[in-house]
Amino acid sequence: MRLREIGAVVAWAVLAVVIVCQQPVVALQEVPQPASADQVNAVKQLYQAHSVARGERGLVGSRLVAEINRDAQKHADWMASTGQFVHSNLDYWEVILMGPQTPEKALEGWLDSKDHRKILMSGGEIGFGYARINGVAYWVGMVR
C-alpha cells in the first residue's frame, strides 16, 4: 500500500513538471527577416479581393491595419517555419488556411466556409499574412 502511495505522488510530480516545463504553442515567435516583396504583394492582393467580396455583400470595406498585418504575418511565418497549423490565440477573430497557391484561391477557400466567411465579413479592421515553404502556402486573416 505504501509503495502505491509513493507511486501516485511520483506520478503527480512528473505530471506537474511536464505541465510547468512544457513549451506552449507560441504563434508569434520572433521571425528575423522582414516580409518579402512576394509576401507583401500577396497580402495586398488578398486585401483587395477581400474588399471586393465585402462590397458584393453590401458591406463597407475593412481597414487594413499595420499592427494586425504584422501579427498575421508573424503567425503565417511561424506556421510555415514549424509546419504547425494552429490558431494563434491572439485577441482577434482569426482564419487560417494551408495549401492554396494564390490570394484569390485562399479567399475563395475561406468564403466557401460559412463560419470563416462570417469572420471575414465581420469587424472593421483586418490584417493578413502569407508564407510559403517547400511549396506549401500558409494564409492567415485576423479581424478586429
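Table: residues versus (1) over 13 Å from the mean Cα position of the chain (by Cα); (2) charged (D, E, K, R); (3) farther than 16 Å from residue 47 by Cβ.
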site	(1), (2), (3)
77	no, yes, yes
80	no, no, yes
92	no, no, no
101	yes, no, yes
105	yes, yes, no
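Residue-wise test of (1) exposed (fewer than 15 other Cβ atoms within 10 Å of the Cβ); (2) modelled with pLDDT of 95 or more.
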position: 39; (1), (2): no, no
position: 45; (1), (2): no, yes
position: 61; (1), (2): no, no
position: 68; (1), (2): no, yes
position: 71; (1), (2): no, yes
position: 94; (1), (2): no, yes
position: 97; (1), (2): no, yes
position: 108; (1), (2): yes, yes
position: 112; (1), (2): yes, yes
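List every residue pair whose Cβ atoms sit under 7 Å apart, with the two residues 6 or more apart in sequence or on different chains, where the first one lies in the range 121-142 and is among the charged types (D, E, K, R) and the second, anywhere, is part of a strand (DSSP E or B) and open to solvent by 10 Å² or more (accessible area, probe 1.4 Å).
125/63
Against the condition surrounded by fewer than 21 Cβ atoms within 10 Å (Cβ to Cβ), in contact with a helix residue (DSSP H, G or I) (Cβ under 6 Å, 6 or more places away or on another chain) and not hydrophobic (A, V, I, L, M, F, W, C), how does residue 55 come out, does it pass?
no
Starting from the range 40-66, keep only residues that are within 19 Å of residue 101 (Cβ to Cβ), then list their pairs with residues that are surrounded by fewer than 15 Cβ atoms within 10 Å (Cβ to Cβ) whose Cβ atoms are within a distance under 6 Å, requiring at least 6 positions of separation or different chains.
49/104
Looking at the range 58-102, which of the residues that are part of a helix (DSSP H, G or I) and touching a helix residue (DSSP H, G or I) at 6+ places or on another chain (Cβ under 9 Å) is nearest to residue 39 (Cα to Cα)?
Filtering the range 58-102 for residues that are part of a helix (DSSP H, G or I) and touching a helix residue (DSSP H, G or I) at 6+ places or on another chain (Cβ under 9 Å), the one nearest to residue 39 (Cα to Cα) comes out as 73.
For the range 121-144, state whether one or more residues are among the aliphatic types (A, V, I, L, M), in a helix (DSSP H, G or I) and open to solvent by 20 Å² or more (accessible area, probe 1.4 Å).
Checking the range 121-144: not a single residue is among the aliphatic types (A, V, I, L, M), in a helix (DSSP H, G or I) and open to solvent by 20 Å² or more (accessible area, probe 1.4 Å).
Within the bounds of the range 109-126, is there any residue that is within 16 Å of the chain's Cα centre (by Cα) and more than 15 Å from residue 143 (Cα to Cα)?
Within the range 109-126, one or more residues are within 16 Å of the chain's Cα centre (by Cα) and more than 15 Å from residue 143 (Cα to Cα).
Is it the case, given these coordinates, that residue 122 is at pLDDT below 95 and either more than 20 Å from residue 35 (Cα to Cα) or of a type in the set (A, V, I, L, M) (or both)?
Considered against the rule, which asks whether it is at pLDDT below 95 and either more than 20 Å from residue 35 (Cα to Cα) or of a type in the set (A, V, I, L, M) (or both), residue 122 comes out as yes.
The values are calculated or read from the model by the stated rules, or taken from the named source; none is laboratory data. Please read these numbers as outputs of a predicted model, since none were measured by experiment. Methodologically, a virtual Cβ is constructed for each residue, glycine included, from the backbone with ideal geometry; neighbour enumeration extends over all protein chains shown. Ligands, DNA and RNA are stripped out before the accessible areas are found, and what is left, the full protein with its side chains, is counted by its heavy atoms. Shrake-Rupley method; radii C 1.70, N 1.55, O 1.52, S 1.80 Å.
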